[in-house]
């Protein structure tokens, strides 16, 4: 390569490396601000500010959803495997909301450590499959958990099949 | 192989050669791309099974993913073309970089729009300021910046250099977009297709997606070639070969 071109190429690559380093440092410094939501573990550890509007995200814990009798208030727990935070929301939930689904909620934590949400978004994971496959997986999971006719002797712990976290 | 590639590179550096070679290639690439697109879209929209959770709304993936992927690839093509132009002083390379910018911008817009249309029924919101969506918006603004430079600076050489530098610097955003879903908590889900792992998608949904992605790349090539040829005709309008070409065309029409 021509020495002049080589020099030019090096200058450009050097500039690029410098800016990349600056951007990396900036992104690392702003990590907490770039994260869209706090995880239940962070909230339990007291990392999330109280009485300030924040986002919390996690999986809706199976069997935790209770609905109000005369209004649209819903209580449910959101967990990430380590900790759980209780959410209260009044309003219409997204279509994808269900137990085991990932969600991101906007709201505030009150004194009792309850998260009062003003907006609940469903988080979709990267898995796409036809309903029959999902049914088959659900059945396999069920069989594994409670034991099917064939193998009720071995009972192992079940891992969630669609875990985005 | 290497010498042939090198010869092709030098040939492509000549506007006349570039014009002639891409004129020969384009119909074939267009044909292949269109066949892939037709198969992929019909398969994806009509025959692929609905998703177990999202139902039919997932089908926007057949436009959203190719557009997003290509808008990022296009940016890298533009940055590399700018680099080649700056270092090796290849004029044709600058022309290619210039014509890619509006195409890339329109792909980024397509990606953001289809994402919003999908986001409303799936997430419950059109837009959220998470790392993936924001970095994608930054990509669109970078494209706008490059286009603005070409329009604002009268002197071609200056415009080419300034735009090339912006494209090269802006290419830092590409890995940020790619890994945003892994580095930070985002609403956007992680990648379904990766080069290293098996896709987390059923094959009967995945194959049409691959077809539409390939189709987008073919169409992109045809589009870039066509716009570049257009630029060549304008830039070289005073040369003999262009005059002859245009006269022949006129003769054919009359």
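Things to note:
- 16 Å reach of a label modelled at residue A:75, 7 Å along Cα-to-Cβ, counting backbone N of the stretch A:88-126: A:88-91, A:110-117
- Result for chain B in a Gaussian network model with C-alpha springs under 10 Å: among B:88, B:127, B:219, the largest mean-square fluctuation is at B:88.
- Its alpha carbons give the stretch B:73-163 an Rg and a Dmax of 15.7, 50 Å.
- Note on residue B:194 and residue B:38: their simple-model spin labels are 3.7 nm apart, each label 7 Å out from Cα toward Cβ.
- When you restrict to C-alpha pairs under 8 Å that are six or more residues apart and normalise by the size of chain A, the relative contact order lands at 16 percent.
- Only Cα pairs under 8 Å and 6+ residues apart enter the sum, and on that basis the relative contact order of chain B stands at 30 percent.
- For the stretch A:74-144 and the stretch B:117-148, distance of Cα centres in Å: 24
- Ratio of the Cα radius of gyration of the stretch B:20-93 to 2.2 N^0.38 Å, where N counts its residues: 1.59
- Compactness check for chain A: Cα Rg over 2.2 N^0.38 Å is 1.51.
- Only Cα sites of the stretch A:40-123 enter the Debye sum here, all with the same form factor; the resulting log10 I(q)/I(0) across q = 0.17, 0.22 1/Å is -0.60, -1.02, listed in q order.
- Label-to-label distance, nm, for residues given as residue A:98 and residue A:142 (7 Å Cα→Cβ offset): 1.2
- Taken along its principal axes, the alpha carbon cloud of the stretch A:1-50 reaches lengths of 61, 14, 14 Å, longest axis first.
- The alpha carbon convex hull volume per residue for chain B rounds to 168 Å³.
- Theoretical ellipticity at 222 nm over chain B - DSSP helices of four or more residues, -39500 (n - 2.57) apiece, nearest 500: -26500 deg cm²/dmol
- When shorter helices are ignored and each DSSP H run of at least 4 residues is given -39500 (n - 2.57), the per-residue value for chain A at 222 nm works out to -10000 deg cm²/dmol.
- Extending 7 Å from Cα along the Cβ direction at residue A:83 and again at residue B:23 yields two label points whose distance is 6.9 nm.
- Computed Rg/Rh of the stretch B:152-254, alpha carbon atoms with Kirkwood Rh: 1.17
- Considering only A:131, A:94, A:49, the Gaussian network model of chain A with Cα springs below 10 Å gives its largest mean-square fluctuation to A:131.
- For the Cα trace of the stretch B:81-131, dividing Rg by the Kirkwood Rh returns an Rg/Rh value of 1.30.
- Within a Gaussian network of chain B (alpha carbon springs, distance under 10 Å), most fluctuating of B:191, B:105, B:226: B:191
- For the protein assembly as shown, the spread of Cα positions along the three principal axes, ordered from largest to smallest, is 83, 46, 42 Å.
We did not get these values from a lab; they are worked out from the coordinates using the rules stated. The model shown is predicted, which means the values in this text are computed figures rather than measured ones. Don't worry about glycine lacking a Cβ; one is built from the backbone with ideal geometry, like all the others, and counts go over all protein chains shown.
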